[in-house]
1. Filter segment 249-278 down to the residues that are outside any helix (DSSP H, G or I) and in contact with a helix residue (DSSP H, G or I) (Cβ under 7 Å, 6 or more places away or on another chain) and list them by number.
2. Restricting the search to segment 128-167, which residues are charged (D, E, K, R), outside any loop (DSSP other than H, G, I, E, B) and farther than 13 Å from Cys100 by Cβ?
3. Out of the residues in segment 109-120 that are surrounded by fewer than 23 Cβ atoms within 10 Å (Cβ to Cβ) and among the β-branched types (Val, Ile, Thr), state the one that is farthest from the chain's Cα centre (by Cα).
4. Among Ile224, Ile244, Ile233, which is surrounded by 18 or more Cβ atoms within 10 Å (Cβ to Cβ) and more than 19 Å from Tyr284 (Cβ to Cβ)?
5. Consider segment 247-266. How many of its residues are surrounded by 13 or more Cβ atoms within 10 Å (Cβ to Cβ) and farther than 14 Å from Ser205 by Cβ?
6. Considering each of Asp206, Asp106 in turn, give the residue that is surrounded by fewer than 18 Cβ atoms within 10 Å (Cβ to Cβ) and touching a Lys or Arg at 6+ places or on another chain (Cβ under 7 Å).
7. Restricted to segment 186-203, and to residues that are modelled with pLDDT under 95 and in contact with a Lys or Arg (Cβ under 9 Å, 6 or more places away or on another chain), which residue is surrounded by the fewest Cβ atoms within 10 Å (Cβ to Cβ)?
8. Tell me the residue from Ile278, Ile271 that is more than 16 Å from Glu66 (Cβ to Cβ), touching a residue at least 60 places away in the same chain (Cβ under 8 Å) and not basic (Lys, Arg), please.
Amino acid sequence: MIELDRFSFQDMKRIAIQGELGSFHDIAAHEYFKGEQLQIICCETFEDVFHSVDNDPTVIAMMAIENTIAGSLLHNYELLRMSGTTVVGEHKLHIQHCICCLPDDDWDTVNEVHSHPVALMQCRNFLTAHSSLKAVEAEDTAGAAQYIAEHQLHGQAAICSSAAAKMYGMKILEDSIEDNKHNFTRFLVACNPQKASFVRRLEESDKASLVFSLPHQEGSLSKILTILSFYDINLTKIQSLPIIGHEWEYLFYVDVTYDNLTRYRQSIDAITPLVKGIKILGEYKEAK
């Protein structure tokens, strides 16, 4: 195993993301670690992101978990729970999409537009207004622009960030084409638990992500919420997912915020006897 060295963390941080350079994950990583030297590790899937952390404990994962339009990325909750990593931070990124093409293409020559399905969904009104464009799903927003640029695919456009368009030498036909201008994605920063203290100061934390299941009894969730309220713990999100193989049983993914770390810890001690398999996914500073 690679030795966890404090000085190597300070010199350069290695960040694993899903997608290519110029993707929103890339932008989020550079905003969160602003001013720091980064090495971005591009992965095809979120599974590959966690494999990177598993193979090298000095790697930090940056992963989208929720979008104000598309909702929660449910699969990523499961990946996070099973990964053995701990959440050490979060970042909220304003998502703005542009449509871009090769420099010598234009509106009258473009007939296809490629992007990630979530990005296509977020630009539905724009695509409806440009019904002559055939929408084609891709694995990544920036990756779509990169592929078109590298293969010189005339007649094809990409929906991605303006940063990605400029990075790959594409011409921006129109910027800010997303339907909702209040489009934000929340990203989580996760790492090997042994590295957590090097990435965030626990005493400065004011938010935690938990997961637990509940006994199949009437009022079991209500009891948990009452206890959290008693300790002045604010519930900011609750997401339930079915437990495969256990009919009508669910895992509850919960985000809470707190002003007092001691009171928060007391609330966890208080609810632990009432839940099954509670796990603290991470304690970190809330993104304002």
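The values are calculated or read from the model by the stated rules, or taken from the named source; none is laboratory data. Because the structure is a prediction, the values reported are computed rather than measured. Counting neighbours? That spans all protein chains shown, and the Cβs are built from the backbone with ideal geometry, glycine included.
1. So in segment 249-278, the residues outside any helix (DSSP H, G or I) come out as 249-260, 275-278.
Passing the criteria: Tyr253, Val256, Tyr258, Val275, Ile278.
2. Those that are charged (D, E, K, R), outside any loop (DSSP other than H, G, I, E, B) and farther than 13 Å from Cys100 by Cβ: Lys134, Glu137, Glu150.
3. Thr109
4. Ile224 is the lone residue from the list that is surrounded by 18 or more Cβ atoms within 10 Å (Cβ to Cβ) and more than 19 Å from Tyr284 (Cβ to Cβ).
5. Within segment 247-266, residues that are surrounded by 13 or more Cβ atoms within 10 Å (Cβ to Cβ) and farther than 14 Å from Ser205 by Cβ number 7.
6. The conditions single out Asp206.
7. Arg201
8. On the way: Ile271 fails: touching a residue at least 60 places away in the same chain (Cβ under 8 Å).
Being more than 16 Å from Glu66 (Cβ to Cβ), touching a residue at least 60 places away in the same chain (Cβ under 8 Å) and not basic (Lys, Arg) holds for just one of Ile278, Ile271, which is Ile278.
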